[in-house]
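What follows draws every value from the coordinates through simple rules; no lab data is involved. Keep in mind that what you see is a predicted model, and the values were worked out from it rather than measured. Virtual Cβ from ideal backbone geometry, glycine too; neighbours counted across all protein chains shown.
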């Protein structure tokens, strides 16, 4: 079965600084990868996803992620964060032939002025 | 287009009480899901319905039952609530479940406390 590890439970960062959220997965077969964001007291919404092709994926709100098959990683980055990026971020994986998402434990990002 | 809606938003139960969480989607999606969210554990799948008329267990199904009432609605029932079921519950839907990495759309959640 697949699993997802988000290495940082909390990441404090100053406004306009860059941020990287780390995600590693384990699976012996092909997977698709996702990043979701959850703003306070809301449901999750999709930031970006990797299905195939270019390993650098661009998403909404200036986020991007890079798929690294050899390191089984899918780290999320933003070059300059805003206060409004304060949220919890979840990495998720699904088997290419599957129908169930597996989520990581989440990373809380707190953007400080 | 409301997307995925859930009722109620908040609920407090006593141990042993029962309740049903309601979920509806207006995107004509085939697949629907129920998750629970607990601190540090991400979201864990309770049950899912790949299509109307079918339901399957997820990672943590014990203590729950589901009903796919029609294509739009997917309810989650707690027959005898326990404090361990205190959590935030999310419903989600996707166009189809099998492969193709369909995006899941999430409702706003139900915050349940069992005393």
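For this structure, a couple of remarks:
- Relative packing of peptides B:64-71, B:105-112 - highest average C-beta neighbours within 10 Å first: B:105-112, B:64-71
- Normalised contact order of chain B, rounded percent, pairs of Cα under 8 Å and 6 or more residues apart: 35 percent
- Whole-number D in µm² s⁻¹ for the protein assembly as shown, Kirkwood Cα-pair radius fed into Stokes-Einstein, 4 °C, 1.567 mPa s: 72 µm²/s
- Taken residue by residue and averaged, Cβ atoms of other chains lying within 10 Å of the Cβ of B:42-53 number 3.
- Full extension of the segment from residue A:14 to residue A:42, taken as 0.36 nm per residue of separation minus the current Cα-Cα distance, would add 7.8 nm.
- Averaging the sequence gap over all C-alpha pairs within less than 8 Å and six or more residues apart, then dividing by the number of residues, gives segment A:54-113 a relative contact order of 25 percent.
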